[in-house]
Structure formats: C-alpha cells, structure tokens
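Report on one structure; see the data block that follows.
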Amino acid sequence: MYELNKNNLILILLIFFLIGNFGSFFQAQFIYDSMHWGLVAQSAIDLTKDNMLPYKDFFIHYGFLSTLTQSVVLSIFEKNVIYLLYTSSFFFTIGNFIICLTAKKYLNLSNILLICLFIFLLHPFANHPWYNYQFYFLLVLSLFFLSDRSNLGIFLFGFVLSLASLVYENFLYLSVIILFLQIFLNKFYKNKKILFCIFGFILPLVCFHLYLSTFSLHKFWIKTFMLNSTFFEIYDTNLINLSIKYFKILLSKNIFTQTYFYIFLIILLLNNN
C-alpha cells in the first residue's frame, strides 16, 4: 500500500505545478494580444527610457513594482515579450507551491494534496503576462511568513504585504486593513512584534514615496486613484445610474439560458456582505 509522507508530498506538488509551468511556456508561443501583452510591455519599455517618468510621461496600469519587474525582464532578455509570460508563470508556480507549504502547517497531507489538485484544475496555466500572478505570489508569501510567528517572520509579512500593494496599487487600502487586523487578531500590540510588523510594512512604501518625491511625481501618482471619477465624467454618469442600468440589463436576461449574469450578481452581493 502506497503511503503518503512529507517527502512524497513535496514531489507530487512539484510535479503538478511544474506541469502547469511548462504548459504555460508551451501555450505562450501561440497567444498574443495587444492588451495583455503589448500594453504592459510598452509601459515596461518606457520605464527604461531616461527621458520618461512613470505616471507623468506614461501610464502605470496597476502598480509600479509590477512594471519595474517587467522592465528588468525585458532589459535582460532584449525586449522579447515572451519572457514576460515566463516570469508570470514562475510567480504563479512558486505561489501555488508556497500556499501548499503554508497549508502543510495546519492540514493533513491528504487535504493538502486536494488543495493542490483543486488549484491545478481551476487554473493550470498562467495565460497572460499580467500583474496578478506576481500579486498572488506576494500575497501567499506574506501568509507563509505570517504563519512563522517569529520576529523576522512578522517583519517579512509586513514587508511582502507592502510589496503586494506596490504591484497592485488599488490594494493599498485593503493592505492597511489586513495589516491592522492581523496586529489585533494575533495580539502583536502586546509585544515588540507590532514594531516589526509596521516597520516591515512601511519600509517599501517609504522607499517608493522617496522615489516619487525625488522626481516630483506625487501629483501624477495621486491622479491614478481618480480614474473612476474620470470615467463618470467622460460618460456623464454616476454609480446610481450605472447600477440602474445593470439591473435593467439583468432583468432582460433569461435566467435559464443566460444564468451566468445572475451568478455574477450573487458573487457581487456575497463579496459585499
């Protein structure tokens, strides 16, 4: 009878996620579109130009750190955009592996294997060179460090959580909430762990804002958080009118043949409660 142990589990996890990694490499040869590839590649290339500054001279679509990462990759591999997908696949593969390692601290081996299988079946390949794979990697890495509970682990939790907010800047608000929830739920405020946690979190942000300040980019950076209001102005609408329009469209759909519209509504409502 085959017995599952920790060593075998690591091997199985590697096999599953490496299959996904090589699958990403294979399908990347046959997929290209100007939105998911060209848009991020152009921003990354613009970041390498001496006479162009982010936020001021070109748009940062999601976060400075994701654009910086892609810029480094394109510089190393001579602007070959396929390596952006390879990088996304790497982040996705390592992120999946880390989330299973984190689960190993709390669950039995069979349940971890199920988690691995579910992840693989739900999303086996990285399909675009987009920011979300790097963001996902940093989020699960922060959880891994949080589970360590040592001073270094708590510092790295805050540090990596902050990096995630620089990959996807709209996450900044939520990252602050997550930080303070963890401080209070884990009672870090009762000891020096709160200092390690907060210092780790603010360190990347301080470095980023020093960069913005050096090149006088703050006023341009702030405008990226006003895109929703700009959208409302362009289309001369507001959130109430958009909601009314959505429900009119929803009621025009057949619940039996276009069920997915109602599924999206349920997901939306559940995630706002």
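The values are calculated or read from the model by the stated rules, or taken from the named source; none is laboratory data. All of these numbers come straight from a predicted model, not from anything done at the bench. Using ideal geometry, Cβ is built from the backbone for each residue, glycine included, and neighbour counts are taken over all protein chains shown.
Values computed for the structure shown
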item	result
Residue match in the range 103-118 (condition: modelled with pLDDT under 90, closer than 26 Å to Leu172 by Cα and either assigned by TED's automatic domain parsing to the domain that holds Leu210 or in contact with a Ser or Thr (Cβ under 7 Å, 6 or more places away or on another chain) (or both))	yes
The range 220-249 residues that are of a type in the set (Lys, Arg), paired with ones that are surrounded by 12 or more Cβ atoms within 10 Å (Cβ to Cβ) and outside any helix (DSSP H, G or I) (beta carbon under 9 Å, 6 or more apart)	Lys223/Tyr55; Lys245/Thr237
Criterion: surrounded by fewer than 18 Cβ atoms within 10 Å (Cβ to Cβ) and part of a helix (DSSP H, G or I) - qualifying residue of Gln70, Gln42	Gln42
Check on Ile31, modelled with pLDDT under 80 and either within 14 Å of Ile82 (Cα to Cα) or assigned to a helix (DSSP H, G or I) (or both)	yes
Test: residue in the range 204-226 that is within 25 Å of Ser142 (Cα to Cα), part of a helix (DSSP H, G or I) and at pLDDT below 95	yes
Residue match in the range 122-130 (condition: assigned to a helix (DSSP H, G or I), surrounded by 17 or more Cβ atoms within 10 Å (Cβ to Cβ), in the same structural domain as Ile60 (by TED's automatic domain parsing) and out of contact with any Asp or Glu (no Cβ under 7 Å at 6 or more places or on another chain))	no
Flag if Tyr173 is part of a helix (DSSP H, G or I), within 27 Å of Gly38 (Cβ to Cβ) and in the same structural domain as Met35 (by TED's automatic domain parsing)	no
Selected residue (criterion: farthest from Leu138 (Cα to Cα)) from residues of the range 76-103 that are part of a loop (DSSP other than H, G, I, E, B) and touching a residue at least 12 places away in the same chain (Cβ under 8 Å)	Lys79
Members of the range 104-114 that are surrounded by fewer than 18 Cβ atoms within 10 Å (Cβ to Cβ) and assigned to a helix (DSSP H, G or I)	Leu109, Ser110, Asn111, Leu114
